[in-house]
Amino acid sequence: MNTTLIDTAGLQAAVREFSVDASDFETRKRFLDLSDADARLLAEMQPMIRQHAARIVDAFYTNVEKYPALTEMIQRVGSNVERLKVTQRDYLIGMFSGNYDAAYMESRLRIGVVHFNIGLGPRYYLGSYSVYFALLSELINARWPFNGSKRLRAIRALNKILSLDAQISIDSYVLSLIGSIRATVTDVHAGVSAQASAASEQAAAVAQTSTSLEEIRETSNQTMTKATDMASAADQALDEGNRGLSEVEAGVAAIGSIRTQVEDIARNIVRLSEQSRRIGEITATVNNLAQQSKMLAINASIEAAKAGESGKGFAVVAEEVGNLAEQSEEATAQVRQMLDEVQSATEKAVMATEEGTKQVDHGVALMQGAGATMASLHKVIEQTAIASQQIVGSVRQQTLGIGQVADAMNDINKVTSQFVTSSSQIKRSVGDLSGYVDRLKLSGL
Amino acid sequence: MPNYLAFTVADMRFAIPLERSEKVVPLVALKAIPKADACVAGVMNVTGVGVPVIDLAIRLDLPEKRPYSLATSIVICENGGQSYGLIAERIDGVIGVDEDAIELSDLLTADAMPYLGMCRGRDGQQVLMLDLDRILDIECAVLPPPPLEAASA
């Protein structure tokens, strides 16, 4: 037999399961009533069998070759009929050894394991035993044609040994099947458990992620609110900045007009000063004339006095002229005083306007400085407004993305819990299967 | 009644005989005369003639000496054919003097006092009548220089 077909571990497991011990074996034989007498009888038949073995085996395999499923199987396991025939001959001959002990048991067990491994179902090899029975009973009939009772005993012995073989083979096939199922069940169980625990872990991780996502969502909502607030604050600041700018411009214009007015005032003052200077010149001239007139009058009165009587009228005229001159002098003195007052007043006014102009210039400079500051502030506010709008946009995007991730997480969560549920179901089913298998084992092998 | 020309110098009223007064001119820049008497303020040009000008405040050693303003005049008078100028702060005009009303003549003409006496002006104020001979005589030791070329009147 092809040794690779023998799963040594499986065989050993089967052997263990099978509990190959003497008591069990003896029980089997007793049940079948396979006595020592039967054993001796079978041993007696062995030479005959040996003689006909090849023929029987050929007939056996002629039958086998009728069935394509079997020939396919033989090809699949890389064997051929000739090799199998050799094995079968040994098998047949061994069946009539007369020595049915633990070694015999083990060899029959082996057969069952191999059959399981190659997938040869009970249908065919159990069927084989009846084929063999037909062929071998012919031989027995031919051997003792006249000894009916011996013939009967021989047939019975053959039947028993065939039954024992079949029994053991079936048992080992079933046990291998069980073992295989068990192994599968264990694997599935382990796999499901691993998956279930992995799924639980995943569920926990997903739950954690969902929580974190919720926190992130909350935070991003807050950020969005803040960004929106900032954007509206920036808009307000922009409006105020615009107002401020226009106010500054108005202020600069107002100051500009003040300056123009002040300059006009200054020009008027200068003109006034000029006119009073001219007045001063005129009064100086008048004063000069008055002085000369006075002098003239004095001299005229002197001459008039010297002229005596004839000069009296002249003296009067001279005195009048003198009086007029004096009045003139007084008048010009008053005018002079008034001009002095006007002069000092205009000087003060000029100084004031100069001060005013200086302050206006200062004011204009301040205003222009304020205007520049406002303009740059305006720019900053504009940029802030734009930036905050961008922030709002990107936060919205983020929120959207987080929402999608959260939804995906929820889906995963659902799937995972479904998976956990179905894994439990599988576990239960596997447990049930294991139970059935146990029952099967216990059900009288 | 003889006429006198009255004028004021350093708050004091003086008068000189009208016949000896020529005219009144305004104060002009005077050219100083070195080595002249202290009372000679300088020389002025009157119609091409050099006229020495006397500061009466110094000549009479008046207590209220003070600098002169542009309103000051110079009274041109003559003495012995020579014209002289007397600085007058204010010309009070011509007054008629009653010779009988002259007061304190004895006191004021005593010794070398250059007064003729005291009379009353139009407003009743006391007016000292100057003795021109004496006033202008005393400083006759210094003769005025020839007429000036530069116009100063």
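A few notes on this one:
- Options A:V392, A:V364, A:V350, A:V335: the member that is in contact with a Ser or Thr (Cβ under 7 Å, 6 or more places away or on another chain) and at pLDDT below 80: A:V392
- Every residue from the stretch A:395-445 that is polar (S, T, N, Q) and under 17 Å from the mean Cα position of the chain (by Cα): A:Q397, A:Q398, A:T399, A:Q404, A:N410, A:N413
- Within the stretch B:2-16, the set of residues being away from chain A (no Cβ under 11 Å), in contact with a strand residue (DSSP E or B) (Cβ under 8 Å, 6 or more places away or on another chain), surrounded by fewer than 24 Cβ atoms within 10 Å (Cβ to Cβ) and more than 10 Å from B:M129 (Cα to Cα) comprises B:T8, B:M12.
- From A:A234, A:A305, residue being surrounded by 17 or more Cβ atoms within 10 Å (Cβ to Cβ) and in contact with a Leu (Cβ under 7 Å, 6 or more places away or on another chain): A:A305
- Matching helices (runs of 4 or more DSSP H) fully within the stretch A:68-138 where at least 1 residues are among the β-branched types (V, I, T) and more than 60 Å from the chain's Cα centre (by Cα): A:81-95
- Residue within the stretch A:102-118 that is in contact (Cβ under 8 Å) with a residue 60 or more places away in the chain, within 27 Å of A:L34 (Cα to Cα) and surrounded by fewer than 14 Cβ atoms within 10 Å (Cβ to Cβ) present: yes
- Restricting the first member to the stretch A:406-429 and to residues that are part of a helix (DSSP H, G or I), and the second to residues that are among the acidic types (D, E), the beta-carbon pairs closer than 9 Å and six or more apart or on different chains are A:A406/A:E214.
- When A:A266, A:A300 are checked against the criterion of being surrounded by 13 or more Cβ atoms within 10 Å (Cβ to Cβ), hydrophobic (A, V, I, L, M, F, W, C), in contact (Cβ under 8 Å) with a residue 40 or more places away in the chain and farther than 14 Å from A:L339 by Cα, a single residue qualifies: A:A266.
- Among the residues of the stretch A:31-89, the ones that are basic (K, R) and over 20 Å from A:E138 (Cβ atoms) come to 3 in all.
- Residues being touching a Pro at 6+ places or on another chain (Cβ under 8 Å) and either farther than 30 Å from A:D438 by Cα or part of a helix (DSSP H, G or I) (or both) are entirely absent from the stretch A:179-200.
- Taking the criterion of being in contact with a Cys (Cβ under 9 Å, 6 or more places away or on another chain), within 14 Å of chain A (Cβ to nearest Cβ) and closer than 15 Å to B:Q82 by Cβ, the residues of the stretch B:17-56 that qualify are B:R20, B:S21, B:E22.
- A:D239 vs. criteria among the charged types (D, E, K, R) and either touching a His at 6+ places or on another chain (Cβ under 7 Å) or within 30 Å of A:Q359 (Cα to Cα) (or both): no
- Residue in the stretch B:22-31 that is touching a residue at least 24 places away in the same chain (Cβ under 8 Å), surrounded by fewer than 18 Cβ atoms within 10 Å (Cβ to Cβ) and acidic (D, E) present: no
- Yes/no for A:V392 being more than 14 Å from every other protein chain (Cβ to nearest Cβ) and under 30 Å from A:S232 (Cβ atoms): yes
Results for (1) away from every other protein chain (no Cβ under 14 Å); (2) more than 20 Å from B:I95 (Cβ to Cβ); (3) part of a helix (DSSP H, G or I), shown as yes or no for each residue.
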site	(1), (2), (3)
A:R267	yes, yes, yes
A:A284	no, yes, yes
A:S293	no, yes, yes
A:I302	no, no, yes
A:A305	no, no, yes
A:G308	no, no, yes
A:A349	yes, yes, yes
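The values are calculated or read from the model by the stated rules, or taken from the named source; none is laboratory data. Here the structure is a predicted model, which is why all the values come from computation and not from measurement. We place every Cβ from the backbone using ideal geometry, glycine too, and count neighbours over all the protein chains shown.
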